[in-house]
């Protein structure tokens, strides 16, 4: 992936990994557009940076995604990189009947949102030089967390979808997967200071170094996430599943 002179759209750019990626890519001389539901959060991320822009996007609304794509291409015709980062993570219980609102919202935001946005932009991106799509999955795509089953399932689906997309767009658009481990962000309440999670700055430092490799890896995997990514290939899935879930439980309980 070309590291500079791009016009980059990052969804979920108002906080966490999205905001950190926006700042780092902007520092390299790229024009960066960040998108999300809350314009105030986006503007706070931008601050006084030139060539950084905010656009409102409701990733749950199919019609809004189409309208957003039309506005984006009209205002920023040089757009050549899409980073699908927006996502939500909700805790769920599976041992009793429940309201499925959280599960349905997770599927809509984490899976259908990126699929719809890619569909709306793929032809435009394919016509641009040095085009790339980056889909943010998770280490939980490979070893799921019982407490967040739908989130884990959507990230597994994004991993699978990205593999198909990479082959379908070969020679047209570079397709990259970024799979974070547990990172200190506000993806869930209290996570930004949770002990044992990877500090955001350390994560982004390693991620940007991997993006800068030639050629760019098809999967951007920091060292911390290898424990999950390679679990099945190394015949230790069950042990990793138990360890990840016990670690997450203790971290949430502050033990």
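The values are calculated or read from the model by the stated rules, or taken from the named source; none is laboratory data. From a predicted model like this one, the values you see are computed outputs, not experimental measurements. Don't worry about glycine lacking a Cβ; one is built from the backbone with ideal geometry, like all the others, and counts go over all protein chains shown.
Quick rundown of the values:
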{"quantity": "Residue within the stretch 42-64 that is in a helix (DSSP H, G or I) and touching a residue at least 40 places away in the same chain (Cβ under 8 Å) present", "calculated": "yes"}
{"quantity": "Residue check for residue 83: outside any strand (DSSP E or B) and in contact with a helix residue (DSSP H, G or I) (Cβ under 8 Å, 6 or more places away or on another chain)", "calculated": "no"}
{"quantity": "Test: residue 117 is crowded, with 18+ Cβ neighbours inside 10 Å, part of a helix (DSSP H, G or I), on the phi < 0 side of the Ramachandran plot and in contact with a helix residue (DSSP H, G or I) (Cβ under 7 Å, 6 or more places away or on another chain)", "calculated": "yes"}
{"quantity": "Filtered residues of the stretch 96-114 (kept if at pLDDT 95 or above, within 17 Å of residue 153 (Cβ to Cβ) and surrounded by fewer than 14 Cβ atoms within 10 Å (Cβ to Cβ))", "calculated": "100, 101, 104"}
{"quantity": "Failed item, numbered, when residue 224 is tested on (1) closer than 27 Å to residue 125 by Cα; (2) in contact with a strand residue (DSSP E or B) (Cβ under 6 Å, 6 or more places away or on another chain)", "calculated": "(1)"}
{"quantity": "The stretch 32-41: number of residues that are part of a loop (DSSP other than H, G, I, E, B) and either within 17 Å of the chain's Cα centre (by Cα) or at pLDDT 95 or above (or both)", "calculated": "1"}
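Every residue, every condition in (1) closer than 28 Å to residue 102 by Cα; (2) touching a helix residue (DSSP H, G or I) at 6+ places or on another chain (Cβ under 6 Å); (3) at pLDDT 95 or above, yes or no:
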{"residue": "185", "(1), (2), (3)": "yes, yes, no"}
{"residue": "194", "(1), (2), (3)": "yes, yes, no"}
{"residue": "204", "(1), (2), (3)": "no, yes, yes"}
{"residue": "213", "(1), (2), (3)": "no, no, yes"}
{"residue": "228", "(1), (2), (3)": "yes, yes, yes"}
{"residue": "242", "(1), (2), (3)": "yes, no, yes"}
{"residue": "245", "(1), (2), (3)": "yes, no, yes"}
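Yes/no matrix, rows are residues, columns are (1) closer than 20 Å to residue 122 by Cα; (2) at pLDDT 95 or above; (3) touching a strand residue (DSSP E or B) at 6+ places or on another chain (Cβ under 9 Å); (4) surrounded by 15 or more Cβ atoms within 10 Å (Cβ to Cβ):
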residue	(1), (2), (3), (4)
22	no, yes, yes, yes
25	no, yes, yes, yes
44	no, yes, no, no
47	no, yes, no, no
53	no, yes, yes, yes
57	yes, yes, yes, yes
